[in-house]
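Report on the structure given below.
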Amino acid sequence: MEIHKDIQYNQGIGKYKVLSSNAGVGSIVTTKAGFFIMPKSVSFWGFVRDLNKQIENYRDSNNNKDPDPEYLSRFAGVDIINDPRFVDFLKDNQGIPQLKYLIDVPHLSLSNWNYPKEKDHPLYLRCKENTGHELKPDHFYIPAIHFPRWFYSRKEKYFKPLEEWESLWKQKTGDTKLQYFAPPRDPYTNTNRSFKDNNQLIDIYDTLVQIPILLICKNGHISDIPWYELFCAGIDHKMEDMKKPAGFELFDYPCQDCEKGGRHELQWIENRNNSESWGTLKCKKCGKTHGLEGIMNIHPYCKGDTPWNGYGTKSDEPCKDVNGAKSVMQMALVTSNSVYYADSFNSLYIPPKYMPDEILGPLLQKVLDLLNTRWYPKALERKPNLTKETYMEQMDIVEKAYDSEIDITQEQAEIIKNHFLAVKEVSKDTHEQYRFEEYRVFTSHSESLPQTPNLEFKDIDLPTDLKPYFKKIQQVDTLAMTLTQLGFSRVSMPVPMRIGGTVVRNEGQRIFNEPVGKVYSLPANQSMGEGLFFEFNKDAVDRWMAEYNELFKTRYNQPEGEIGKALKAEIDQYGAPKFYLLHTFSHIIMKELEFSCGYPTASLQERLYYSDRMCGVLIYTVDGTEGSMGGLVWQGQPRLIEKIIKRAINNAKECSSDPLCWENEDQLNLAACFSCCLVSETSCEKRDLGLDRRALVDENFGYFKEML
C-alpha cells in the first residue's frame, strides 16, 4: 500500500518493542517506507501527556491529593499497572520523587489504508462510556521525527536539511500544510501519476533520499553531520585535521561565502566507481567539490544535541568526557548497534504481604518482638552459630506463639517469618538489592502465601541426586513481569563501577524531558507468565570456587572488547566462576526445555540471581495473554525436572563444533557457541555473553562433573 497523505504516514510497532533494546526513545527505527525515524521523549507520548495533565488538574482541585488508580483507569483512558515496589524503586533509583503510576502502553491497530483505528480501542470505548469524552487519535500515538535530517534529490542532486525541503515543497506545490509531503517528497520530481483525495486529483512526487550516517557521543548525544561546515572545511583542506582523535571544531567552523555570491548550494554526487567513498559534495554555483573518502574517521567536538526532546534542543551542560575535556563524537551508520543501548529494567511483581516494610498489626508485632528479643536470643545462647534461617526451619511459630497465649494462623506466621528473616543491611548496589528482595521471597517460603495474586509458587520434593547441587527447585505457577526503560546510551554499553564499595551505574540519557518534580507517570508493560526457580546450594558453590580458585583466576581473566567491558565488570563483582556457572546452566536448561515442553527458546527468558548472597536462576515465559498454558510448570515435577537437568548436563559435554568450541579461551564466551549454549538474545539477560559449559561439565573442575 502506497502512502500519499500525512495521516497515512504511520509505522505499526508492537507495544513491547517501544520499550525494548532497539526501538525506544532516542533510537533509530526503519519505517516500511524505507526512511529512518527517531521516537521522541515519553513526555510527548499522547497517553503520558494526557494523564499528566489529568493528574495536575485533579491535584489542583483536591488540595494536592493524588487521584486513585481506579479513577484514572476509568476516566483518563489508560490502564494503570499495579506494582508499588517497582514504583518505589524508580522513585529512589531514578531521582523522580513524584512518580506515582506506571501506565500500560496501549496497542493501536492500523487499518488496511494505514489509518489509526482508535475508535475500536477498548480504552476509547471505556472512556466514552464513563465520561462521554472521545479520545483523540494522538492519545495513542508515539510521536517521532525523521533522523538523520539531511536528504537529497535523485533528479537534481540538491542536498538539504528537511526544513529546507519542506519550505521548497510549500513554494512549488502550494501545499502549505505539508499534507502530501509524507513521506518526504522531492518537489523537483513529478512522477506524472496522481491520486484522488476529496474528489480532487493530487500529483504524486518521487521521494527524497535520506543519508544514513550520523554522529554519536558516549554521553548519549546524537547529531546530524554538519554537512555544510564539512564541505567548507573540506575545500579548505582540513580533512586531516578533522580525523585527529583529539577532536575538531566542526559545528562552528568559520565558512566563507561562495565565490559566486551567497552560501554554497550543495549537491550530493554519488560515486559509483569507488566502493570506499560515500560520494562527493559539490557546490552547483562555483563547481568546487569535496570527496567523502575517510569521512568515517572524523572526530568533531560534541555540541550536546538531544533531538528526541524536539529537533534543535541541546543539553543544558557542555558535553564533556570523564576527564572534563570536550567530548568527541564518532561517525556511525544508522543501523549500527553502537547507535543505541537501552537501559531497560524489569521487575518481578512481589505482593505487599511479602515485603518487610509492611505495617504489622499489634498482635503480629508482639510475636515478632518476642522472636527478636527472647526466643531467638535464647536459642543463640545454646548454639552461638545458629542462623536465623536454620532457626526458622526448626521451630513452629504458631505453636510457639500459642505457648505464650497468642493465637495466630499459619498465614500470619509466614508474614512474621518474612519480617524476621529480612536482612537489615541494604546493599550498596541498588539493582542487586532489588533483585535480592525477589530471591528472598522464593528462598524463604516453601509455597506462596494465600491471597497473593500474580505470584503463586511451591517447592517440589527435591530428587536425591540433585540435593548436592541445589537447595531447592520451585514451580512458579503464576508470575507477573513489569518492564520499563530507565534511559539509554550510545557508542558502548554503560559499565557499572565500584566507587568506595558502592556500585555506580551511568544511566545515560533520560527518556523524559520534564523537570524530575513533574514526572508523575512512566510507560511500562506488564505480562503474565509461569516459570521454574532453581536455588543452588550456595555452600557447595563456595567450596567449588575455593577448590579451583587458582585455576579460575587464569581461566576467567579474558580480554574484553567495548561490548564486553560492562559485563566483565559485573562478572568480577561477585566472583566470575559463580556467574559462568549460573548463566551457562540457565542456557542449557532453556535449550533442553525446548524439546521437553514445546516452547522455543525465544519464548523463554532467564532471570539471574547472582551476588555474594544470591545464587539462583528463574527461567520463565510470558507468551500469550495469560503467559502460558502450564507447560513450563509441568516440567517442574520431580521425575521430569531430574531427567531434564541430567540430559542437559550430559548434552553439554559434547558440541558439534568441538574441539574448537571446547578449547576456546580468548573471549568472554569460552566453551560456548550457538550449537551448544547460545540462545536468542531476547531470552538472555546478558546479550549471550559470559558462558562456559566447562564450568559445568569439565571432568577436572566442572561443578556437575560427578553427575556425568
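The values are calculated or read from the model by the stated rules, or taken from the named source; none is laboratory data. Everything quoted here is computed from the prediction, not taken from an experiment. Here the Cβ is made from the backbone with ideal geometry for all residues, glycine too, and neighbour counts use every protein chain on show.
Residues in region 569-597 that are more than 15 Å from TRP544 (Cα to Cα), among the hydroxyl-bearing types (Ser, Thr, Tyr) and either surrounded by fewer than 24 Cβ atoms within 10 Å (Cβ to Cβ) or not assigned by TED's automatic domain parsing to the domain that holds TYR610 (or both): SER596 only. Exactly one residue among LEU363, LEU371 is surrounded by fewer than 19 Cβ atoms within 10 Å (Cβ to Cβ) and not in a loop (DSSP other than H, G, I, E, B), and that residue is LEU363. Scanning region 173-194 for residues that are out of contact with any helix residue (DSSP H, G or I) (no Cβ under 9 Å at 6 or more places or on another chain) and either surrounded by 13 or more Cβ atoms within 10 Å (Cβ to Cβ) or among the hydrophobic types (A, V, I, L, M, F, W, C) (or both), we see that the one that is farthest from LEU162 (Cα to Cα) is SER194.
Just one of the numbered conditions (1) modelled with pLDDT under 95; (2) closer than 15 Å to HIS290 by Cα; (3) out of contact with any helix residue (DSSP H, G or I) (no Cβ under 9 Å at 6 or more places or on another chain) is not true of ARG272: (2). Which residue pairs have Cβ atoms closer than 8 Å, lie 6 or more positions apart in sequence or on different chains, and pair a first residue in region 29-42 that is outside the structural domain of PHE512 (by TED's automatic domain parsing) with a second residue that is among the β-branched types (Val, Ile, Thr)? Hits for this filter: zero, empty list. Of everything listed in (1) without any contact (Cβ under 8 Å) to a residue 12 or more places away in the chain; (2) at positive phi; (3) surrounded by 15 or more Cβ atoms within 10 Å (Cβ to Cβ), the single unmet condition for ASN63 is (3). Residue-level check: of (1) modelled with pLDDT under 95; (2) more than 29 Å from the chain's Cα centre (by Cα); (3) not basic (Lys, Arg), LEU466 misses just (1). A single entry from ILE204, ILE142 fulfils the requirement of being assigned to a loop (DSSP other than H, G, I, E, B), within 16 Å of TYR9 (Cα to Cα) and in contact with a strand residue (DSSP E or B) (Cβ under 6 Å, 6 or more places away or on another chain): ILE142. Considering every residue within region 502-525, establish whether at least one is within 19 Å of the chain's Cα centre (by Cα), modelled with pLDDT of 90 or more, crowded, with 18+ Cβ neighbours inside 10 Å and hydroxyl-bearing (Ser, Thr, Tyr). Yes, region 502-525 contains a residue that is within 19 Å of the chain's Cα centre (by Cα), modelled with pLDDT of 90 or more, crowded, with 18+ Cβ neighbours inside 10 Å and hydroxyl-bearing (Ser, Thr, Tyr). Counting only strands (runs of 3 or more DSSP E) that sit completely within region 232-338, those holding 3 or more residues that are outside the structural domain of PRO161 (by TED's automatic domain parsing) and touching a Ser or Thr at 6+ places or on another chain (Cβ under 9 Å) correspond to 266-269, 280-283, 289-291.
Residue-by-condition table, conditions (1) under 21 Å from the mean Cα position of the chain (by Cα); (2) of a type in the set (Asp, Glu); (3) at pLDDT 95 or above:
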position	(1), (2), (3)
LEU581	no, no, yes
TYR599	no, no, no
SER603	yes, no, no
PRO659	no, no, no
